[in-house]
Structure formats: C-alpha cells, structure tokens
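Structure incoming, see below.
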Amino acid sequence: MSEFSPNILAFCCNWCSYAGADLAGVNRLQMPTNVNVIRVMCSASVKPEYVIKALSQGIDGVLVLGCHIGDCHYLTGNHRTAKRIPLTAKVVEKVGIDPRRIRLDWVSAAEGEKFQQVVTEFVEDIKSIGPNPLREVVF
C-alpha cells in the first residue's frame, strides 16, 4: 500500500498570501505538490459553503490564507474571515468531520518561507489525521 497523499485545497488572497505563494515559487522553496491553490480577491470571499462543499466532496483539508489582521486590502475582510472560518470548523465538527481539516492562517506577500511552512505543516497534519471519510473510492 502506498503512503496516503492528501488532497488539499488552499484559498489564497490575491494581495498577500497568493503573492507569498509566488515568492515561495520564485525562491524555489520545496513544497508538497498535492496542494491546489485557488486565488481569491480577499479571504473574506471564501464563503463557509465553499469549505463545506470541498470537504463533503472528499477534499482532505482546506487551507484559508489571508492578509495579516490590519493589512487587508479591503480594510476589514480578514476580520470577517477570522470570525467565519472558526465557526465553519465548529459546524463541520457537529456533522462528524474533524475540524482540524480546516486551517486559517495569515501570510503576507513578503513571507514566502512562511507560506511554505504553513502549507507543509498542514499537509503533515492532514496525513496524521488520515483520509477524509467522505472521499470517494475510485476503482
């Protein structure tokens, strides 16, 4: 049996964390290849429904990355995200999904190394949890 390789979805804000991901790539930092990045204009545009739908369709982990509090391009978008994502984690826990499958963090455009660290740690955390029980079995 091969080692479990989780499917991770990362929502990255255009102004900071996506630029941090770009910096990590420019600096050729090694990162897991099983992370699919979705560029959003603001972390606040990541609706709880998107996170829940991803998990319900078998994604093993959802990472939401935004600007540091106080540095949001849209002023208070990350404040909204800081409230929404923990509530979303509580909701998924109520229906039997491990809330550790959702992570929120803040990465600026100048933090390529932090982006690498956050992504790598999250992948390792999800590996320790195991596959999403809702993951479809492909024959």
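What's the number of the only condition in (1) surrounded by fewer than 20 Cβ atoms within 10 Å (Cβ to Cβ); (2) among the acidic types (Asp, Glu); (3) modelled with pLDDT of 95 or more that ASP71 fails to meet?
That leaves (3) as the condition not met.
Would you be able to say whether some residue in the range 72-89 is within 19 Å of LEU134 (Cβ to Cβ) and under 16 Å from the mean Cα position of the chain (by Cα)?
yes
Hey, another quick one. So, in the range 78-89, of the ones that are touching a helix residue (DSSP H, G or I) at 6+ places or on another chain (Cβ under 8 Å) and within 26 Å of THR120 (Cβ to Cβ), which residue ends up most open to solvent (accessible area, probe 1.4 Å)?
ARG84
Among GLY66, GLY96, GLY61, which is the only one that is at pLDDT below 95 and open to solvent by less than 70 Å² (accessible area, probe 1.4 Å)?
On the way: GLY66 fails: at pLDDT below 95; GLY61 fails: at pLDDT below 95.
Of GLY66, GLY96, GLY61, the one residue that is at pLDDT below 95 and open to solvent by less than 70 Å² (accessible area, probe 1.4 Å) is GLY96.
For THR120, which of the numbered conditions (1) open to solvent by 20 Å² or more (accessible area, probe 1.4 Å); (2) touching a strand residue (DSSP E or B) at 6+ places or on another chain (Cβ under 7 Å); (3) not aromatic (Phe, Trp, Tyr) fails to hold?
Of everything listed in (1) open to solvent by 20 Å² or more (accessible area, probe 1.4 Å); (2) touching a strand residue (DSSP E or B) at 6+ places or on another chain (Cβ under 7 Å); (3) not aromatic (Phe, Trp, Tyr), THR120 misses just condition (2).
I'd like the full set of residues that are under 15 Å from the mean Cα position of the chain (by Cα) and within 19 Å of GLN30 (Cβ to Cβ), limited to the range 106-118.
VAL107, LYS114, PHE115, GLN116, GLN117, VAL118
Something else about it: Of the residues that make up the range 7-16, is at least one in contact with a Gly (Cβ under 8 Å, 6 or more places away or on another chain), of a type outside the set (Asp, Glu), closer than 29 Å to ARG135 by Cβ and open to solvent by 10 Å² or more (accessible area, probe 1.4 Å)?
Checking the range 7-16: at least one residue is in contact with a Gly (Cβ under 8 Å, 6 or more places away or on another chain), of a type outside the set (Asp, Glu), closer than 29 Å to ARG135 by Cβ and open to solvent by 10 Å² or more (accessible area, probe 1.4 Å).
Ok, one more. Within the set of pairs 6+ apart or on separate chains, which have a first residue in the range 72-100 that is more than 9 Å from ALA44 (Cα to Cα), a second that is among the charged types (D, E, K, R) and open to solvent by 60 Å² or more (accessible area, probe 1.4 Å), and C-beta atoms under 6 Å apart?
Taking only residues 6 or more apart or on different chains, the pairs are PRO99/GLU93.
Being part of a loop (DSSP other than H, G, I, E, B) and touching a Pro at 6+ places or on another chain (Cβ under 9 Å) is the filter; apply it to the range 123-139 and report the residue that is most open to solvent (accessible area, probe 1.4 Å).
If we take residues in the range 123-139 being part of a loop (DSSP other than H, G, I, E, B) and touching a Pro at 6+ places or on another chain (Cβ under 9 Å), then PRO131 is most open to solvent (accessible area, probe 1.4 Å).
Still on this model: Can you tell me which residue is most open to solvent (accessible area, probe 1.4 Å) among those in the range 34-52 that are under 21 Å from LYS127 (Cα atoms), among the hydrophobic types (A, V, I, L, M, F, W, C) and in contact (Cβ under 8 Å) with a residue 40 or more places away in the chain?
ILE52
Regarding VAL64, is this residue under 20 Å from ILE8 (Cα atoms), touching a helix residue (DSSP H, G or I) at 6+ places or on another chain (Cβ under 6 Å) and of a type in the set (A, V, I, L, M, F, W, C)?
So VAL64 fits the description; yes.
The values are calculated or read from the model by the stated rules, or taken from the named source; none is laboratory data. These numbers were taken from a predicted model, which means no experiment stands behind them. A quick note on method: Cβ atoms are made from the backbone with ideal geometry, for glycine too, and the neighbour counts reach across all protein chains shown. Areas reflect the complete protein model, heavy atoms only, side chains present, ligands, DNA and RNA absent. Shrake-Rupley method; radii C 1.70, N 1.55, O 1.52, S 1.80 Å.
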